[in-house]
Each structure stands twice: as structure tokens, then as C-alpha cells.
Amino acid sequence: MAQTTTPDTSNANSLVDAPVKDGLRDVRYGEVLLLSADNGTFTAEVWNTLGMNDCPQAAWDALDATAIAQERGALLALLNGPRYWVLDFITSNIRQQAPETTFGELGMFRAAVIDFGSTPPDPTPYTDRSILRETVFGWRQGSEVYELVTPDNIIYVMQAYSRAVDPAQSIDDLPRHGTRINPPAGWTFRVRTLTEDLDVFSTAGVATVLQDEFMNTYQRVPAS
């Protein structure tokens, strides 16, 4: 039986008939974030290559963030990748309804919007960010997961690793990742093998994520 990690059943119900994208573990992708501001509120559209291409390195290297920002009328464009999923599947309606575009040679769809509120984006590691999306991120029984645990027993599970900081980082390095990072005092990094499926829902259409020093991304697991 799957481990259900959210009391927010409204989001779960909206995804009952949503398609499942499976077999994602260690699948490569890239993202372009377009930052904008409206009446003092900062948001970023997140554009993702998943399902459209595997983010070829040459095409990724050819992207020019400054030129993209100017072309799209954004305050800033951020290149987030290349990245690799650590989860097994995603359940979501986003892909069916999302607009599509092309950056250079890379086709992408709009996967989410990040709400920064009145504060400009803070690149500091281990800082919570609110992602507007209705999704279930899932890990199968028997999968190895990599988690950050706070002193208050709040759990963040790694959803993707990045090669932006360490171009040689691979999924095989992750079991030892705790020796490479410096999380806040009292936080721990743990590795475990799931004895049941793990389903991590967004809560009321919002997922809370953070990144470590290597730009690996973790999603907060809502309290049961």
C-alpha cells in the first residue's frame, strides 16, 4: 500500500484521472526559469524539457540566458540543469494543458510557477520555495531515497540531482552525498530503501522545495 503523505484530499481528487509518467529515475531534463515582477510580487515560470527531448548537452550549452531574458521580456532567465530525476513517476494533468515553446533547439512546456512573494529570489541553499503545481511525485517500493531531516522532523526527499555545480555528479554518488553537503545545524542527510511506495502530494496546489549547495532539489513531505 502506498504511503500517503498529505491530508489535502482536494488535490488528490483532482488527480484521480491524471496521467502517470513512469520510469523517470535517472532521466535527464533541463529547465529555463523566466523571472517577472507584478505589483511588487516576484514569480518565475518554469519551462521543462521532460517528454519533449533529453536536453542534449550541445543544445543546452548553446542557450544564452541574457538573450532569452531580453527576447521574452523577463527580468532574468535562469538555466537550471542539466538535471536528472531521482523519483520514479509523476502524476499530473500539467502536461496536457501546458503551453509549449522553444528555447534555442530545445522544446519545452511550462511545468510550474514559482511564487517568491515580495522578496526577490534568494539563491541561498536550504531556503524554502513555493511551487504552484498540482502533482504527485512518487517513489516505488524498493527504491533508494535521499532525505534531509530537520530537528523538528520535517522531511525533504530528493526529487532530482543537478550537474550545474558538479558536471560529473551521478546517481551513484548520492548514497554518499551527506559527506559533501553542509546543511543547517541539526539537519541530517539519510539514505533509506522504501518498504512501500511513497507518494508526495502538493498541498492545495503548492509544493515546497529547496536546493542544497549542488542545486539538487528536495520536496517537503507534508505531515501525515
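Values as computed for the structure displayed
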quantity	calculated
Sites Arg180 and Gln96 - FRET efficiency at Förster radius 35 Å, r taken between beta-carbons, to 0.05	0.40
Rounded Å value of the spacing that divides the Cα centres of the stretch 161-200 and the stretch 64-140	21
Restricting the stretch 171-224 to trypsin sites (Lys or Arg not before Pro) in coil, as DSSP defines it, with at most 15 other Cβ within 10 Å	Arg180
For the chain: relative contact order, % (alpha-carbon pairs under 8 angstrom, 6 or more apart)	27
Protection proxy ranking, peptides 120-132, 34-46, average beta carbon neighbours within 10 Å, highest first	34-46, 120-132
Peptide ranges 102-109, 87-94 listed from the most packed, as the mean C-beta count within 10 angstrom indicates	87-94, 102-109
Rounded if a/c under 1.5, otherwise prolate or oblate - the stretch 123-168, Cα gyration tensor axes	rounded
Over the chain: Rg over Rh, Cα atoms, Kirkwood Rh	0.94
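Since every read-out is calculated from the coordinates, none of them should be taken as a lab result. It should be emphasised that the depicted structure is a prediction, and the values quoted were computed from it without experimental measurement. As a convention, Cβ positions derive from the backbone with ideal geometry for all residues, glycine included, and neighbour counts pool all protein chains shown.
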